[in-house]
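Taken together, the values in this text are just the output of simple stated rules run on the coordinates, not laboratory data. In this text, all values refer to a predicted model and were calculated from it rather than measured experimentally. Cβ placement follows ideal geometry from the backbone for every residue including glycine, while neighbour counts extend to all protein chains displayed.
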């Protein structure tokens with residue numbers, strides 16, 4: 001996840017996409033999809049997808065939905081990650 005974040009900050013979005021995708025697989029296989037780390041990875045990947053015009057955000061609705069469900073329960077949905085997921089949900093509707 002950290003390498004993906006650095007790659008994205010350097011403007012290397014396709015490499016960041018690959019690293020986020022790999023990190024999502026690793027987290028899914030090690031601790032599952034019901035945790036904030038997975039949610040943060042989803043949001044990081046969605047940030048990259050939003051920037052890269054050749055990747056269709058609608059193909060990743062499942063990541064948006066999962067992020068919303070993970071972060072809605074934290075502080076009754078009053079947190080930045082939840083609002084970030086709402087943003088992505090809003091732009092594809």
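In percent, rounded to a whole number, the relative contact order of the stretch 2-92 is 23, using alpha-carbon pairs under 8 Å and six or more apart. With the largest listed first and rounded to whole Å, the semi-axes of the equivalent ellipsoid of the stretch 1-51 from the Cα gyration tensor are 19, 10, 8.
Per residue, how big is the convex hull around the C-alpha atoms of the chain? Give it to me in cubic angstrom, could you?
Numbers: hull volume 8.2 nm³, N = 93.
Spread over its residues, the Cα hull of the chain gives 88 Å³ apiece.
If R0 is 25 Å, the Cβ-Cβ spacing of residue 35 and residue 55 corresponds to a FRET efficiency of close to 0.50. Using 0.36 nm per residue and subtracting the Cα-Cα separation, the extra length available between residue 18 and residue 69 on full extension is 16.0 nm.
Given the -39500 (n - 2.57) contribution per DSSP H run of 4+ residues, what per-residue ellipticity at 222 nm results for the chain, rounded to the nearest 500 deg cm²/dmol? The per-residue figure over the chain is -23000 deg cm²/dmol.
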